[in-house]
Amino acid sequence: MSAGPGATIWLAIKLLAYDLILLAFLPLIAIWLLWRTLVKRKPIGHWRHRFGIVPRLPAGASPRIWVHAVSAGEMAAARPVVAELRRRFPRAGIALSTHTDTGMAVAQRTCKEADAIFYFPFDWPDTMAIAMWRLSPELLVVVEKELWPNFLAVGRLLDARVLVVNGRVSDRMVARARWVPGFVKWLYRLPDRLCLQSDQDASRLRRLDPASAGRIVVAGNTKADTLAQRDRAAEEKLVRQLGIAPDELWLVAGSTHAGEEEVVVEAFLSLREQLPQARLLLAPRHPERVAQVSAMVAERGLDVVRRSEGREERPEAVVVLDTMGELRAAYAFAVAGLVGGTLVPIGGHNLLEPPAVGVSVLFGPHTENCADAADLVLEVGVGFRVAGAAELAAEFLRIATNNDLRASISARATRLVAQQRGAAARCVDAAVELLGRGGGG
């Protein structure tokens with residue numbers, strides 16, 4: 001750690017002041033935890049982990065890195081970073097923590113490079129000290145906005161460096177910071193390096209704390225690294241096999257959940273009255289729901305076919321995607337792609353998939369798992385939030401009937417995804433610099 005003894009003492013004093021305030025609220029925190037566990041029936045995860053007794057990293061592993069991502073959406077952002085850390089540091093010990101069951105499920109399924117996966121300890125000084133003692137991390141990597149005071153400060157007091165990846169600084173954060181500006185500045189000064197998603201995030205942070213300018217890197221959104229390059233052959237094959245006509249205007253609703261297809265179909269029925277060439281493809285998130293979704297569409301008086309059946313003899317039929325791995329190719333012939341899990345309280349899926357093929361993305365109000373991408377596509381003007389069937393129909397109609405707007409959105413979307421790719425590598429470049437080694441360690 002580069003700070004001298006005076007800075008270390010000052011950090012310890014500030015952390016002590018914070019923990020004394022935290023101690024005063026401990027009874028309320030305990031009541032909230034009991035209410036959350038017993039009344040709301042939300043699992044707390046492994047209690048051993050929450051009290052700092054986390055799995056150890058392999059003996060002799062170097063460097064020792066602890067990555068933290070709060071939930072499923074942040075874990076999706078962490079995944080390419082963890083993979084890149086493993087590629088650069090084959091002998092590293094990588095610990096990965098999360099707050100939620102959904103984050104744990106994503107971590108266990110997709111982050112095979114991690115040596116230890118566990119629930120994030122309570123952000124108390126003793127639990128964090130125990131966890132740090134068991135892991136002995138040289139580098140703490142936090143995803144997006146996970147600036148937990150004891151986690152970061154105890155780590156720094158024990159000579160760990162701190163890196164933020166996929167960082168976001170929203171307008172809401174800037175507004176809240178006006179209430180406790182000193183505390184917010186202290187939090188943002190705990191990281192040694194902040195890899196932010198956009199120039200706008202960097203500008204907001206510099207407004208919050210001008211002293212942070214030298215620690216900022218605009219690295220992009222690491223979720224873009226999970227998107228493969230366009231498969232033009234697959235796109236052309238799907239267009240050919242479905243008989244997509246050049247004058248058709250497609251709404252492709254992907255990764256939809258129960259309750260969302262009904263909203264989309266209602267919007268589509270309204271659309272067809274104003275736009276006869278409008279067409280609809282539904283891609284349920286879970287393949288076992290294909291029959292149920294097909295039946296619902298038929299009950300609404302619409303002709304329906306499954307992707308595996310083709311639509312040569314039924315060119316106006318609603319298509320239900322019942323094959324795997326073709327959603328990206330379907331987005332490519334759409335006017336707009338609606339990403340599911342956002343019209344119902346699921347939290348959303350990858351909002352960058354439609355922009356990755358040059359298409360605008362529509363989504364509902366529930367974007368807890370993809371808030372970073374939602375902010376990004378809204379800011380750039382390639383994504384649009386809709387609250388229900390009427391707004392969905394109106395937004396699609398606006399885009400479908402304006403060729404200049406569609407061309408502009410396509411250009412912005414292509415540029416956005418190109419700028420964001422490589423973010424994980426840029427973040428790990430910062431990690432290499434902080435660790436003072438060139439990889440391969």
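Read the figures in this text as sums done on the coordinates, not as results from a lab. Here the structure is a predicted model, which is why all the values come from computation and not from measurement. Cβ coordinates were reconstructed from backbone atoms using ideal geometry, including for glycine residues, and neighbour counts include every protein chain displayed.
Points 7 angstrom from Cα along the Cβ direction at Arg87 and Leu405: gap in nanometres?
Spacing of the two 7 Å Cα→Cβ label points: 3.9 nm.
Return the distance in nm (one decimal) between the two label points of a simple spin-label model at Val180 and Ile44, each offset 7 Å from Cα along Cα→Cβ.
Spacing of the two 7 Å Cα→Cβ label points: 2.3 nm.
Cross-link candidates for Lys237: which aspartates and glutamates have Cα within less than 14 Å, leaving aside residues fewer than 8 places away along the same chain?
Partners found: Glu326.
Hand me the trypsin sites (Lys or Arg not before Pro) from region 168-239 located in a DSSP loop with no more than 10 other Cβ atoms within 10 Å, in residue order please.
Values: sites: Arg168, Arg172, Arg176, Arg178, Lys185, Arg189, Arg193, Arg204, Arg206, Arg207, Arg215, Lys223, Arg230, Arg232, Lys237; in loops: Arg168, Arg178, Arg230.
The qualifying sites are Arg178.
By how many nm would the segment from Glu309 to Ala228 grow when fully extended, if each residue of separation counts as 0.36 nm and the alpha-carbon distance is taken off? Working shown, then result.
Working: separation 81, 0.36 × 81 = 29.16 nm, distance 2.74 nm.
Gain in length upon complete extension: 26.4 nm.
Over region 232-420, what is the relative contact order in percent, taking alpha-carbon pairs closer than 8 angstrom and at least six residues apart?
Numbers: 351 pairs, mean separation 40.2, N = 189.
Computed over region 232-420, the figure is 21 percent.
Principal axis lengths of region 307-376 from Cα atoms, whole Å, largest first?
Principal extents (largest minus smallest coordinate, Cα): 42, 25, 21 Å.
Near Lys185, which aspartates and glutamates are there with a Cα under 20 Å away, not counting those fewer than 8 places off in the same chain?
Correct list for Lys185: Asp19, Asp123, Glu144, Glu146, Asp171, Asp199, Asp201, Asp209.
Under a crude label model (7 Å from the Cα following the beta-carbon direction), how far is Leu269 from His286 in nanometres?
Reported label-point gap for Leu269 and His286 is 2.5 nm.
Can you give me the Cα centroid spacing of region 282-318 and region 65-141 in angstrom?
41 Å
Need one word for region 254-358: rounded, prolate or oblate. Basis is the Cα gyration tensor (sqrt eigenvalues a ≥ b ≥ c); a/c below 1.5 gives rounded, then a/b vs b/c decides. Mind showing how you got there, number by number?
Working: a/c = 1.29, a/b = 1.23, b/c = 1.05.
Rounded.
Across region 232-420, how large is the tail of the calculated P(r) beyond 29 Å, expressed as a percent of all Cα pairs? Walk me through the numbers on the way to the answer.
Numbers: 2214 of 17766 pairs.
When every Cα pair of region 232-420 is considered, 12 percent fall beyond 29 Å.
With a Förster radius of 25 Å, plug the Cβ-Cβ distance of Gln241 and Leu302 into 1/(1 + (r/R0)^6) and report the FRET value to the nearest 0.05. Let's see the in-between values first.
Numbers: r = 21 Å, r/R0 = 0.83.
Efficiency computed from Cβ-Cβ geometry: 0.75.
When the label point is put 7 Å from the Cα of Phe25 along its Cα-to-beta-carbon vector, which residues of region 87-130 have a backbone N closer than 16 Å?
122-125
In degrees from 0 to 90, rounded to the nearest 10, what is the angle of the helix 125-135 Cα long axis to the longest principal axis of the chain?
For helix 125-135, the angle is close to 80 degrees.
So what are the three principal axis dimensions of the chain from its Cα atoms, in whole Å, longest to shortest?
For the chain, the Cα extents along the three principal axes come out at 77, 46, 44 Å.
Suppose a student asked you for the relative contact order of region 20-152, using Cα pairs under 8 Å spaced at least 6 residues apart; what percent would you report? Walk me through the numbers before you get to the answer.
Working: 218 pairs, mean separation 41.9, N = 133.
Normalised by residue count, the contact order of region 20-152 is 32 percent.
Quick check: residue separation of Thr323 and Phe51 times 0.36 nm, minus the Cα distance between them. What number comes out in nm?
On the way: separation 272, 0.36 × 272 = 97.92 nm, distance 4.46 nm.
Length gained between Thr323 and Phe51: 93.5 nm.
Report the relative contact order of the chain, percent, no decimals, based on alpha-carbon pairs under 8 angstrom and at least 6 residues apart. Please report the intermediate quantities before stating the final value.
On the way: 813 pairs, mean separation 63.2, N = 441.
For the chain, the relative contact order is 14 percent.
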